[in-house]
Amino acid sequence: MLRRQYGEHLMAEVYHLVRQVPTGKVVSYGQVGEWMVPPLPALLVGKIMYHAPEEVPWWRVVGKAGDLLIAKRDPRLAALQRQLLQQEGVRFREDGRVDMASCRWQPFEEER
DNA sequence: AACTTGACGTGAC
DNA sequence: AGTCACGCCAAGT
């Protein structure tokens, strides 16, 4: 785990974590925040993701329930996100949400 | 320096 | 399943 830092470093840390997410997997904003010490509120993770650089796989970060939360602010971006995820093999459910049960990435804990 | 605003999450209806 | 209130706290105004 990494130590909490502020400003550019805080953002850089979030981006660093998001880059660890493997192709075909997704994580929630809250998860990313929990990996930091001390934890960073999910809301801030989202805020930081808005400014994500090119090399950061921002599309692999979704709401905990599998929602593409960018949709309400930028529907076009949400469409792109869905396209990118599907290209990676991420499955979507009937209700349009990501199938978290099979695609959620859990690096630091085992399923029970 | 006070106030508002989020690519969120949870619990209560 | 869909609101709604509220907590979170860094940043912007």
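What follows is calculated from the coordinates using simple rules that are stated; it is not laboratory data. Just so we're clear, the structure is a prediction, and the values are computed from it rather than from any experiment. Counting neighbours? That spans all protein chains shown, and the Cβs are built from the backbone with ideal geometry, glycine included.
Beta carbons closer than 8 Å, at least 6 apart along the sequence or on distinct chains, pair a first residue in segment A:34-46 that is farther than 15 Å from A:Gly63 by Cβ and more than 10 Å from DNA strand C (Cβ to nearest atom) with a second that is of a type outside the set (Val, Ile, Thr) and part of a strand (DSSP E or B) for A:Trp35/A:Leu2; A:Met36/A:Leu2; A:Val37/A:Leu2; A:Val37/A:Arg3.
Scanning segment A:47-57 for residues that are buried (at least 18 other Cβ atoms within 10 Å of the Cβ) and closer than 21 Å to A:Arg82 by Cβ, which turns out farthest from DNA strand C (Cβ to nearest atom)? First the steps, then the outcome.
Within segment A:47-57, the subset buried (at least 18 other Cβ atoms within 10 Å of the Cβ) is A:48-49, A:56-57.
Now narrow it down to the ones that are closer than 21 Å to A:Arg82 by Cβ: A:49, A:56-57.
Working: A:Met49: 13, A:Val56: 16, A:Pro57: 21 Å.
Among residues in segment A:47-57 that are buried (at least 18 other Cβ atoms within 10 Å of the Cβ) and closer than 21 Å to A:Arg82 by Cβ, the one farthest from DNA strand C (Cβ to nearest atom) is A:Pro57.
Selection over segment A:61-95 of residues that are loosely packed, with under 14 Cβ neighbours inside 10 Å, in a loop (DSSP other than H, G, I, E, B) and out of contact with any Asp or Glu (no Cβ under 8 Å at 6 or more places or on another chain) gives a count of 6. The residues of segment A:34-46 that are surrounded by 11 or more Cβ atoms within 10 Å (Cβ to Cβ) and assigned to a loop (DSSP other than H, G, I, E, B), listed by number, are A:Trp35, A:Pro39, A:Leu40, A:Pro41.
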